[in-house]
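Below you'll find the structure, written out as structure tokens, and then a few comments.
The values are calculated or read from the model by the stated rules, or taken from the named source; none is laboratory data. A quick note: this is a predicted structure, and the numbers were derived from the prediction, not measured. Glycine also receives a Cβ, built like all others from the backbone with ideal geometry; neighbour counts cover every protein chain displayed. Side chains are part of the model used for accessible areas, which takes the heavy atoms of the whole protein and leaves out ligands, DNA and RNA. Shrake-Rupley method; radii C 1.70, N 1.55, O 1.52, S 1.80 Å.
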Amino acid sequence: MEFITLGHGSGGKLSHRLISELFLKYFQNEILIKQDDMAIVPGSSMNWAISTDSFVINPIFFPGGNIGKLSVCGTVNDVAMSGGIPLYLTAAFIIEEGFPLAELERIVQSMAETAASAGVKIIAGDTKIVGKGQADGIFINTTGFGLIPEGRNISGRNAQPGDVIIVNGTLGDHGVAVMAERHGLEFSVPIFSDCAPLNEIIALLLENVPRVNVLRDPTRGGLATTLNEIAYQSNAMIELWEEKLPVKDEVFSACEILGLDPLYIANEGKFIAILPEEFADIALATIKNHPLGRDAAIIGKVVDKPKENSNNKVYLKTALGGKRILDMLAGDQLPRIC
């Protein structure tokens, strides 16, 4: 008999196996089968982007954010990755008996402030209280709704050979910040989560760039796992350039000490944009002109279609000229990260 493990929540191989072999087996339909981070639902004049997510992070408060800020950012960002304009959120809380009311107020206040900064309204919700020891402080579920302007077609299925890959900033900040807080680790240079709503910078990108094929935020499983998802959706092969990957020195050093790989660590204020090479310069300039994109870089490209039956769809071109296969995350480097 098989049992659920923490690895099933990693966003990596076990998560994808659980989705494909269990959830899609019973829930499969023409919307869900696309396996983007949001559902695109036809409307009378414009399509709706709808995304739902649950947040179980440990610790609840961390440098740069807390579970409330994270719950708003995570769902707003998933809606924005469709090219949609986030408008509304719902929020449901599962709270353990004995949870401090003052901490709950901090969380709710943070949610309100983050929603206001993202231009969305929290319009409905639910609260459940469970007995002491039956949860871990507080869990939050949010669902986001946004409208997709006519003519936009952005999906993980749309990557094309020749497209460039852009990331809006440094990798691994969120995961390392949470891990350090969880284990009481101190570094000479403090590390903060990158948790932030991305809808404003995405809107600027889409206003200035004629065509963007794919948008995705590399959360659980990090950049490498997210690019594997896109490669499988698009049946494409992706090449990354090691010397172009933006990683803060302090994050890289922490990963080396702890035996972690920043390519597989969660981010909460980063996005990947995949678009035709002819628009690379204007896209990069637009992203860099926003505070959340100052460290943006072109980090790779979509190359030829993979060989038939090949499972090696993403690879890293190293600084020495070699190639390293980047598979999906196996297991879970950092459980309870979002």
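Karplus-derived 3J(HN,Hα) values for segment 181-195, using 6.51 cos²θ - 1.76 cosθ + 1.60 with θ = phi - 60°, are 5, 4, 9, x, 8, 10, 10, 4, 10, x, 10, 10, 4, 8, 3 Hz; glycine and proline are entered as x.
Test of understanding: in a Gaussian network model of the chain with alpha carbons linked when under 10 Å, which of Asn208, Asn235, Asn141 would top the mean-square fluctuation ranking? Looking only at Asn208, Asn235, Asn141, the biggest GNM fluctuation is shown by Asn208. Here each label is just a point 7 Å from Cα along the line to Cβ, and for Ser20 and Ser117 those points are 3.8 nm apart. The Cα atoms of segment 174-264 define a convex hull whose projected area, averaged across directions, is 7.5 nm².
Karplus-derived 3J(HN,Hα) values for segment 123-133, using 6.51 cos²θ - 1.76 cosθ + 1.60 with θ = phi - 60°, are 10, 7, x, 7, 10, 10, 10, 10, x, 4, x Hz; glycine and proline are entered as x.
Close amide H contacts of Lys121 (hydrogens built in the peptide plane, cut-off under 5 Å, sequence separation of 5 or more or a different chain): Tyr88, Leu89. Each of Gly184, Val251, Gly222 was scored by the projection of its Cα onto the charge dipole of segment 157-309, and the greatest displacement toward the positive side belongs to Gly222; charges sit on the C-beta of Lys, Arg, Asp and Glu. Between segment 222-247 and segment 162-204, the alpha-carbon centres lie 17 Å apart.
Scalar couplings 3J(HN,Hα) for segment 250-263, obtained by applying the Karplus form with A = 6.51, B = -1.76, C = 1.60 to θ = phi - 60°, are 5, 6, 4, 5, 4, 5, 4, 5, 9, x, 10, 10, x, 5 Hz; x denotes Gly and Pro. Round to the nearest 0.05 the FRET efficiency obtained for Leu258 and Ser45 when R0 = 45 Å and r is the Cβ-Cβ distance. For R0 = 45 Å, the calculated efficiency reads 0.35.
Accessible area per residue for the chain, computed on protein heavy atoms with a 1.4 Å probe, is 47 Å².
Let a ≥ b ≥ c be the square roots of the eigenvalues of the Cα gyration tensor of the chain; is it rounded (a/c under 1.5), or, if not, prolate (a/b larger than b/c) or oblate? Note, shape of the chain comes out rounded. For Ile238, the residues whose amide H sits under 5 Å from its own are Val303, Val314, Tyr315, ignoring neighbours fewer than 5 places away on the same chain, with H placed 1.01 Å from N.
Taking 27 Å as the straight-line reach from the Cα of Lys132, the lysines in range (excluding those fewer than 8 positions away in the same chain) are Lys69. The dipole here belongs to segment 1-43: it is taken about the Cα centre, uses +1 on the Cβ of Lys and Arg and -1 on the Cβ of Asp and Glu, and is about 80 debye.
When +1 charges are put on Lys and Arg Cβ atoms and -1 charges on Asp and Glu Cβ atoms, the dipole computed for the chain relative to its Cα centre reaches about 520 debye.
Under 5 Å from the amide H of Ala266 lie the amide H atoms of Gly175, Gly221, Gly222, each residue being 5 or more positions distant or on a separate chain, with H modelled from the backbone and absent for Pro and chain starts. State the percentage of accessible surface on the chain attributable to carbon and sulfur atoms; use a 1.4 Å probe and exclude ligands, DNA and RNA. Result for the chain: 53 percent of the exposed heavy-atom area is carbon or sulfur.
Here segment 257-320 is assigned +1 on the Cβ of each Lys and Arg and -1 on the Cβ of each Asp and Glu. Its dipole about the Cα centre then comes out at about 100 debye. Take the Cα of Thr52, step 7 Å toward its Cβ, do the same at Asn289, and the gap between the two points is 3.9 nm. What's the local net charge at Gly144, with K and R +1, D and E -1, over the other residues with C-beta under 10 Å away? That sum, taken over residues with Cβ under 10 Å, equals -2. Largest GNM mean-square fluctuation across Ser54, Ser188, Ser45, computed for the chain with C-alpha springs under 10 Å, falls on Ser188. A Förster radius of 35 Å combined with the Cβ-Cβ distance from Ile31 to Lys132 puts the calculated FRET efficiency at roughly 0.30.
Oblate is the label for segment 82-220, because a/c, from the alpha-carbon gyration tensor with a ≥ b ≥ c as root eigenvalues, is 1.5 or above and a/b does not exceed b/c.
Bridging of Lys317 to lysines at a Cα separation below 19 Å is possible for Lys244, Lys301, Lys305, Lys307, once same-chain residues fewer than 8 apart are set aside.
Please check: in the Gaussian network model of the chain (C-alpha springs, under 10 Å), which one of Leu198, Leu215, Leu258 has the largest mean-square fluctuation. The residue with the greatest mean-square fluctuation here is Leu258. Label segment 10-130 by shape, choosing from rounded, prolate and oblate, from the square roots a ≥ b ≥ c of the eigenvalues of the Cα gyration tensor; if a/c is under 1.5 it is rounded, and otherwise prolate applies when a/b is larger than b/c, oblate when it is not. Judged from the Cα gyration tensor, segment 10-130 comes out oblate (a/c at least 1.5, b/c at or above a/b).
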